[in-house]
Amino acid sequence: MFASLFLLAAMQLNQVVVPLGRPRVIERPRAPIETSGPLWAAACDGSDDWEKPAPPVRIHANTYYVGTCGIASVLVVGSQGSVLIDSGTEGGADLVAANIRRLGYDPRDVRVLLHSHEHFDHVGGMARLQQLTGAQLYASANAAPVLRSGIAADGDPQKSVLKPFAPARVDRVLRDGEEVRLGDLMLKGHYTKGHTHGAMSWQWVSCGGGVCRTIVYADSLSPVSGPDYRFSDHPGALEAFRASIAKVASLDCDIILTPHPSASGLDQRFALGRPLLETEGCKTYAAKLTKALDERLAKEAAAKK
């Protein structure tokens, strides 16, 4: 009795707090960039191989890189399911699904599939991912027919060298600037015609640990073509190309990602193992694209002489 009273008095004197119930469990980040970024860089070792497996990496908060060494696929996780941008190749789709599982998520929780541009290396696995996830595929007006057929569109600068891919079911056609909403997720799609007619770039905000970042997944927008295509022969498409590059430059952008990770230096940034933040990233990327387009046009002009 005395001992109990003494203990109670001591606790009051020293303001001892006895916790009630179990302590709160703080979930550790999945695949944090500090450790998984260097692992990704080591696994890829400078390779741009489209189907070389790479570990998943947390970009920021609820946004993850789940693609291969050479082709990006981005998972954005929400309270009512996930959104996945780009599938990679048909063979790469299973690697993407494996990375989603490796993070501890279920591929069947992916509710919406989105795309960058409609070439087989980026969307060739959409049909396979629809089988694995049951998700709906949303597409731009110009990309939708290509996704449904698996055949590159007439007028695509690379049509003569592109392989066909497995046709996918398109569930919704998106307008330029349309917002895709899923629970607490909201991603805004921007038409960025140039590399293809149906290309899209995506913008969203990811928040975690009291820090919010605006992420832009900017399309390739590189002036690459088959041997018989000249950009200078298509003034309307060329004007749209430049407008798309300008649109990317104007976007609010804390972190830039691209369909080919090396195009935005993601491989080098992963190797550093630091949180990603590059507020001028979209402007820098756009300047690089403008330079490449100008150089391509100069070569075309020189070849005419």
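The values are calculated or read from the model by the stated rules, or taken from the named source; none is laboratory data. All values reported here derive from a predicted model rather than from experimental measurement. When we count neighbours, we look across all protein chains shown, and the Cβ atoms used for this are built from the backbone with ideal geometry, even at glycine. Note: areas computed on protein heavy atoms with side chains; ligands, DNA, RNA excluded. Shrake-Rupley method; radii C 1.70, N 1.55, O 1.52, S 1.80 Å.
Observations on the structure shown:
- Contact annotation: residue pairs with Cβ atoms under 8 Å, 6 or more positions apart or on different chains, pairing a residue in the range 41-54 that is over 16 Å from Leu272 (Cβ atoms) and open to solvent by 40 Å² or more (accessible area, probe 1.4 Å) with a partner that is of a type in the set (D, E, K, R) and modelled with pLDDT of 95 or more, are Trp50/Asp121.
- Taking the range 227-244 as the range and being basic (Lys, Arg) and open to solvent by 70 Å² or more (accessible area, probe 1.4 Å) as the test, only Arg242 passes.
- Selection within the range 139-164 - closer than 13 Å to Phe120 by Cα, of a type in the set (Gly, Ala, Ser) and in contact with a His (Cβ under 8 Å, 6 or more places away or on another chain): Ala143, Ala152, Ala153
- Enumerated strands (runs of 3 or more DSSP E) restricted to the range 100-195, each holding at least 3 residues that are open to solvent by 50 Å² or more (accessible area, probe 1.4 Å): 185-191
- Test: Ser222 is surrounded by fewer than 23 Cβ atoms within 10 Å (Cβ to Cβ) and under 19 Å from Ala263 (Cβ atoms): yes
- Matching residues, the range 62-88, being open to solvent by 10 Å² or more (accessible area, probe 1.4 Å) and not in a strand (DSSP E or B): Asn62, Ser79, Gln80
- Hits in the range 30-61 - residues which are assigned to a strand (DSSP E or B) and of a type outside the set (D, E, K, R): Val57, Ile59, His60
- Pick from the range 196-216, criterion outside any strand (DSSP E or B) and modelled with pLDDT under 95, ranking: surrounded by the fewest Cβ atoms within 10 Å (Cβ to Cβ): Gly210
- Single unsatisfied condition, Glu280 versus (1) among the acidic types (Asp, Glu); (2) open to solvent by less than 70 Å² (accessible area, probe 1.4 Å); (3) within 20 Å of the chain's Cα centre (by Cα); (4) farther than 24 Å from Gly78 by Cα: (2)
- Residue satisfying condition, being touching a His at 6+ places or on another chain (Cβ under 6 Å) and touching a residue at least 40 places away in the same chain (Cβ under 8 Å), within set Thr214, Thr196, Thr192: Thr196
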